[in-house]
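Trainee: Shown below is the structure under consideration.
Just so it is clear, none of the values below were taken in a lab; they were calculated from the coordinates. Predicted model, so just to flag it, every value in this text is computed and none were measured. Virtual Cβ from ideal backbone geometry, glycine too; neighbours counted across all protein chains shown.
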Amino acid sequence: MSLPLVIDYEHGISSIDAQFHRPRRAAIHLIVEKGAAALVDTGTSFSIPGVIESLKHKNIAIEAVAYIILTHIHLDHAGGASECMRLFPNARLVVHPRGASHMANPARLVAGAIGVYGEAEFRRVYGEIYPIDVNRIIEAPDESRIDLNGRALLFLDTPGHARHHNCIYDERSQSFFTGDTFGVSYREFDVNGLEFVFPTTSPVQFDPEAAHASIDRIMSYQPRYAYLTHYSQIANLAHHAKSMHYLLDAHVEIAQAAKHDEANRQSVISDALHKLLLQRLSEHGCRLPQAEIDELLSSDIRLNTLGLIHWLDHPAERFKRL
């Protein structure tokens with residue numbers, strides 16, 4: 001197979017394109033320290049052959065992969081975990097305590113996704129997901145650390161997008177691997193070196209209060225970079241944190257304004273999110289044709305809309321801490 005897009009950064013960090021729906025939508029991050037390797041997020045099972053090819057290209061043996069780290073267990077981040085564990089004999093899976101049981105027994109996770117997508121579409125997008133031996137799973141609670149050949153990786157519980165979400169602080173690079181907590185940033189929207197970042201409020205555990213707190217907690221470390229699963233390295237983090245706070249509030253205001261319009265709520269919220277992001281992109285200086293912008297944003301707007309509707313319809317869950 002052909003080698004996926006690989007971008008090499010400082011401090012032994014690389015992004016490997018997960019080839020999820022389109023190029024540069026989801027990144028798998030590789031960290032290498034003195035010959036030992038860790039992967040942060042996995043894409044789907046269909047992403048793993050590209051990971052294998054990338055490791056071969058870098059002369060990294062599959063036996064050198066020590067950890068498969070999941071920021072959270074949504075399947076665009078964790079769908080390839082069982083395939084990784086099958087192929088990397090020395091790897092251990094590191095996951096938030098709330099997600100560990102779903103990796104050991106993914107039946108409910110798979111059933112829920114099939115309920116959303118249908119079985120045929122689920123198999124087409126995600127392939128097979130198998131149970132992972134519990135003896136190979138490391139639960140990573142808040143402020144726990146793992147050691148990658150002398151390189152400390154710190155795990156912070158960062159809910160807001162999901163209650164089973166960790167962000168990982170790499171002390172060597174002074175950077176965070178943020179999964180979806182610090183939003184989404186597609187490289188196509190970069191303008192003169194400045195990225196465009198917006199929240200992901202997808203179903204079913206969006207919690208704006210927790211999301212604000214998680215962003216502030218990340219920024220308290222004064223990180224140099226964030227490595228987003230969608231899509232890879234961003235700088236200018238003080239600017240983006242301010243923008244994320246603004247946009248989280250704007251998403252909530254849009255949802256609350258449509259709360260009582262149950263007949264048209266989905267279209268009202270979707271149209272308002274589309275207008276909001278187009279306005280912000282224009283202010284950002286983006287000059288892409290609107291058709292291209294719409295293509296890049298359509299899936300995120302749909303998922304954000306559904307997540308906001310779920311948040312509106314389940315107020316009791318806003319206070320639930322499993």
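Trainee: With each pseudo-label sitting 7 Å past Cα toward Cβ, what's the Glu209-Lys259 distance in nm, one decimal?
Mentor: Result for the modelled spin labels: 1.4 nm.
Trainee: A further question on this structure: Let me check against my output: what whole-number percent is the relative contact order of the chain, with C-alpha pairs under 8 Å and at least 6 apart?
Mentor: Values: 631 pairs, mean separation 44.3, N = 322.
It rounds to 14 percent for the chain.
Trainee: Going by average Cβ neighbours within 10 Å, how do the peptides 297-310, 211-224 rank, with the highest at the top?
Mentor: Descending packing order for the listed peptides: 297-310, 211-224.
Trainee: Note down the Stokes-Einstein diffusion coefficient of the range 106-253 in µm²/s, whole number, using a Kirkwood radius over alpha carbon pairs, 4 °C, and 1.567 mPa s. Provide the component values of the computation, followed by the final result.
Mentor: On the way: Rh = 16.9 Å.
Stokes-Einstein gives a translational diffusion coefficient of 77 µm²/s.
Trainee: Bin by bin, in steps of 10 Å, what percent of the Cα pairs in the range 167-207 do you find, going until the bin that has the longest distance?
Mentor: Here the calculated profile for the range 167-207 is 25, 40, 32, 3.
Trainee: Here's something else I'd like to know. Relative contact order, percent, of the range 170-291 when contacts are C-alpha pairs under 8 Å separated by at least 6 residues?
Mentor: 29 percent
Trainee: Rank Gly43, Gln256, Ile31 by how far each Cα sits towards the positive end of the charge dipole of the chain (+1 on Lys, Arg Cβ; -1 on Asp, Glu Cβ) and give me just the farthest.
Mentor: Result: Ile31, furthest along the dipole toward the positive end.
Trainee: Additional query: Which percent, to the nearest 5, of DSSP beta bridges fully inside the range 163-322 are antiparallel?
Mentor: Among the beta bridges of the range 163-322, antiparallel pairing accounts for roughly 65 percent.
Trainee: Right, next: Take Arg187 and Arg302, extend 7 Å from each Cα along the Cα→Cβ direction, and tell me the distance between the two endpoints in nm.
Mentor: 2.5 nm
Trainee: Size of the range 27-165 along its principal axes in angstrom, Cα-based, largest extent first?
Mentor: 44, 34, 26 Å, listed from the longest principal axis down.
Trainee: Using a 10 Å cut-off on Cβ atoms, rank the peptides 95-101, 151-157 from the highest mean neighbour count down.
Mentor: Listed from highest to lowest mean packing, they are 95-101, 151-157.
Trainee: Moving to a separate point now. In Å and from the alpha-carbon atoms only, list the Rg and Dmax of the range 106-180.
Mentor: Reported Rg and Dmax, both Å: 15.9, 44.
Trainee: Under a crude label model (7 Å from the Cα following the beta-carbon direction), how far is Arg224 from Ile60 in nanometres?
Mentor: 1.8 nm
Trainee: Looking at the range 26-87, send over the antiparallel percent of its DSSP beta bridges, to the nearest 5.
Mentor: So the antiparallel bridges amount to about 55 percent of the total.
Trainee: Moving on. What percent of all Cα-Cα pairs in the chain falls in each 10 Å bin, counting up from 0?
Mentor: Answer for the chain: a P(r) of 6, 27, 37, 23, 6, 0 percent.
Trainee: Now for a different question. Take the alpha-carbon centre of the range 42-99, take the same for the range 19-35, and report the distance between them in whole Å.
Mentor: One Cα centre to the other: 10 Å.
Trainee: Report the calculated FRET efficiency for Glu121 and Gln279 (r = Cβ-Cβ distance, R0 = 30 Å), to the nearest 0.05.
Mentor: 0.35
Trainee: In the range 259-288, which trypsin sites (Lys or Arg not before Pro) are in a loop and have at most 11 other Cβ atoms within 10 Å, using DSSP for the loop call?
Mentor: Arg287
Trainee: Looking at the chain, what % of its DSSP beta bridges pair antiparallel, to the nearest 5?
Mentor: Here the antiparallel bridges make up roughly 70 percent for the chain.
Trainee: Pairs of Cα atoms under 8 Å, at least six residues apart: use those to get the relative contact order of the range 95-219, whole percent.
Mentor: 20 percent
Trainee: Charges at C-beta only: +1 for Lys and Arg, -1 for Asp and Glu. How large is the resulting dipole of the chain about its Cα centre, in Debye rounded to 20?
Mentor: So the magnitude is around 380 debye.
Trainee: On to the next question. Work out how far the C-alpha atoms of the range 24-76 reach from end to end along every principal axis, then list the three figures in whole Å, largest first.
Mentor: Largest first, the range 24-76 extends 30, 19, 18 Å along its Cα principal axes.
Trainee: Quick check for me: using +1 on Lys/Arg Cβ and -1 on Asp/Glu Cβ, what's the dipole size of the range 163-273 about its Cα centre, in debye to the nearest 20?
Mentor: 280 debye
Trainee: Could you list the square roots of 5 times each eigenvalue of the Cα gyration tensor of the range 188-322, that is, the equivalent ellipsoid semi-axes, sorted largest first and rounded to whole Å? Intermediate results must be reported in sequence, preceding the final value.
Mentor: Details: eigenvalues 122, 86, 25 Å².
In descending order, the three semi-axes are 25, 21, 11 Å.
Trainee: While we're on this one: Filter the DSSP H helices in the chain by two things, a Kyte-Doolittle mean of at least -1.0 and an axial alpha-carbon span of 27 angstrom or more, and list the hits by number.
Mentor: Taking the DSSP H segments of the chain (at least 27 Å long, mean hydropathy at least -1.0), we get 237-257, 265-284, 290-313.
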